[in-house]
Amino acid sequence: MSGVSVLQHFEAYQKSRVSFVQAVAEAATRPQNIEVMQNAGVMQLLRPLLLDNVPSIQQSAALALGRLANYSDDLAEAVVGNEILPQLVYSLSEQNRFYKKAAAFVLRAVAKHSPDLAQAVVDSGALDALVPCLEEFDPTVKESAAWAIGYIAQHTAELAQSVVDAGTVPLLVLCIQEPEITLKRIAASAMSDVCKHSPELAQAVVDAGAVAYLAPLIVHPDAKLKRQVCACLAQIAKHSVDLAEVVVEAEIFPNILNCLKDNDAFVRKNAATCIREVAKHTPELAKLIVNAGGATALVDYVSNAIGNAKLPGIMAVGYIAAFSETLALAVIVSKGVMPLREALVAEPEDHIKAAAAWSLGQIGRHTPDHARALAEGDVLRHLLACMVHEASSDDLKTKSKRALKAILAKCTHLQALQPLLRDSPVKVQKYVLKQFAQLLPHDVEARRAFVQNGGLQFLQELNESVGGKLKEHIEMINSCYPTEIVEYYSPNYSKALLEKIDEFQPQV
């Protein structure tokens, strides 16, 4: 056999390997093929090809493994179990940029499924191999590495700490400054995954100077980048007053308010979340948001958002209103009551209704004027309905009750209070009657209206069957009227009159 014919066998073997890995990589894109390939022992066949002497075969083998691992956690565990990770990590530092992208894809695909799998990736030494990839010249290699790092960091604070300890954060901040938009997106997303776990991790990102580069991107034309930037700033701001102030000092207002009107629904929601995370900390931060036009912008956002996207807006309005009567008044003036009432009535999800009930309570609990704005907006009746409805969740019932109690304690708008008397359970009637007992002694018109609207008559009927605090309040209200009037409206009055007829002896 001549040398040429011997080489033909080698070429045929190489062609077969190439066609095999390419076919497997292609087949792995279709879910219906996965189980068949798994049963055929695809992992064991691909593993040696990662160390093949032909670079294109190595890349295709890594790509195929990444696609398989991406499909399910069982296959990702098979990658770990077949000891493929150490080979990938070793090759990351040795091979060309195409292989590095494919290897980083496998690491990401394994790490995404669970904390245990992400820990296996860290234990294989992947972080030390991924860090130099963030310094590669090729932006697509940086992207792949940043993506894998974000997927490791997302699971737990311990994993995120491993990412920080590996020295990734300053390099991710450099990636944010690169011109490629996809690299900016992935770097912002990875930093968000680090920040979300604890104040210390968020501080590590802040200390690397990330906020100064993130904040200007709020006005970037790319919607997907704005999503990640708003999310990352929210994850930083949520932990403490100091961190929220760092975000605010980067001059995100009023630009972030424009994001509430963005065409992209995720940009709108993430911007609302960021504003909520800033607003919740102090009256000063809430006031800063209102002064920038935030109250009106948030009310418009709540009015237009659909479903779960309403939630951060509803909560932001509640946090702002909670701090002071001035800030609550700013929400009322911005016509904030109606969209919140609409959410309370029309939203199918109880957790959104509960948030709306909580926010309405924060608006109405300050002064009689605040409570009157809610009473005139027909909020009290709907809070009561949510509180007593059998299908309401416990959280919704509790929040509706607290909100109603807080508003009733300040409400002097008697026309709004009276309808609640008839339909309420005893514990709400108690609060309503307490208000009447405080207000009626000082207001002749209100006393007259209470009688004309049937309120006094209802009280006498109620008086027959109740005791305790409720009876005390009823007696206090009765003392505001002449005895004859009270007797006239008591249920036994007609019976007493009939008895008088029986006893009466006419003088003939």
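The values are calculated or read from the model by the stated rules, or taken from the named source; none is laboratory data. This one's a predicted model, so the numbers in the text were calculated from it and none came from an experiment. So basically every Cβ, Gly included, is an ideal-geometry build from the backbone, and we count neighbours across all protein chains shown. Note: accessible area is taken over every heavy atom of the protein model, side chains too, but ligands, DNA and RNA are not part of it. Shrake-Rupley method; radii C 1.70, N 1.55, O 1.52, S 1.80 Å.
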key: Accessible area expressed per residue, the stretch 429-489, with surrounding protein chains retained (probe 1.4 Å, Å²)   = 55
remark   = Hull surface over four for the Cα convex hull of the stretch 141-218, reported in nm², is 4.5
query = What net charge do the residues around CYS259 carry, taking every other residue with its C-beta under 11 Å from that of CYS259, with Lys and Arg at +1 and Asp and Glu at -1?
reply = +3
query = Once you list every other residue whose beta carbon is under 9 Å from the beta carbon of LYS410, what net charge do they have if Lys and Arg are +1 and Asp and Glu are -1?
reply = +1
inquiry  = Out of the GluC sites (Glu not before Pro) in the stretch 293-398, which ones are loop residues according to DSSP with at most 10 other C-beta atoms within 10 Å?
reply    = GLU390
ask   = How far is helix 181-195 tilted off the main Cα axis of the chain, in degrees rounded to 10, range 0 to 90?
value = 60
request  = Starting from the Cα of LYS261, draw a straight line to each of the lysines and keep only those under 16 Å, dropping any in the same chain fewer than 8 residues away.
outcome  = LYS224, LYS226, LYS269, LYS310
request  = Would you be so kind as to identify which of ILE236, LEU68, CYS133 lies farthest towards the positive end of the dipole of the chain, taking Lys and Arg as +1 and Asp and Glu as -1 on Cβ and the Cα centre as origin?
outcome  = ILE236
query = Just how far, in whole angstrom, is the stretch 303-379 from the stretch 1-38 if you go by their alpha carbon centroids?
reply = 64
key: Over the chain: Rg over Rh, Cα atoms, Kirkwood Rh   = 1.23
task = Would you mind working out the magnitude of the charge dipole of the chain relative to its Cα centre, with +1 at each Lys and Arg C-beta and -1 at each Asp and Glu C-beta, to the nearest 20 Debye?
result = 860
message = Run the reach check for LYS100 against lysines, Cα to Cα strictly under 24 Å, same-chain hits fewer than 8 apart removed. What comes back?
response = LYS15, LYS112, LYS142, LYS184
request  = Enter the accessible area per residue of the stretch 123-184 (Å², integer; probe 1.4 Å; all protein chains in place).
outcome  = 38
ask   = Once both axes come from the Cα atoms, what is the angle between helix 394-408 and the longest principal axis of the chain, in degrees from 0 to 90, rounded to 10?
value = 40
ask   = In the chain, what percent of the accessible surface is made up of carbon and sulfur (1.4 Å probe, ligands and nucleic acids excluded)?
value = 52
task = Give a quick list of chymotrypsin sites (Phe, Trp or Tyr not before Pro) in the stretch 107-192 that DSSP marks as loop, anything other than H, G, I, E or B, with at most 16 other Cβ atoms within 10 Å.
result = PHE137
note = Taking a ≥ b ≥ c as the square roots of the eigenvalues of the Cα gyration tensor, with a/c under 1.5 meaning rounded and otherwise prolate when a/b exceeds b/c and oblate if not, the stretch 283-411 is oblate
inquiry  = Taking the 0 to 90 degree range and rounding to the nearest ten, how far is the long axis of helix 97-111 tilted relative to the main principal axis of the chain, both from C-alpha atoms?
reply    = 40
request  = Restrict the search to the stretch 203-264; then list the trypsin sites (Lys or Arg not before Pro) that DSSP places in a loop and that have at most 16 other Cβ atoms within 10 Å of their Cβ.
outcome  = LYS261
inquiry  = Ignoring everything except DSSP H segments at least 4 long, calculate the 222 nm mean residue ellipticity for the chain; use -39,500 (n - 2.57) per segment, divide by total residues, nearest 500.
reply    = -23500 deg cm²/dmol
remark   = Where a ≥ b ≥ c are root eigenvalues of the Cα gyration tensor, a/c under 1.5 meaning rounded, otherwise prolate if a/b exceeds b/c and oblate otherwise, the stretch 143-295 counts as oblate
message = Distance between the C-alpha centers of the stretch 191-223 and the stretch 117-159? Whole Å please.
response = 18
ask   = Under 19 Å Cα-Cα from LYS434, which lysines qualify once same-chain neighbours fewer than 8 residues away are excluded?
value = LYS401, LYS405, LYS410, LYS469, LYS471
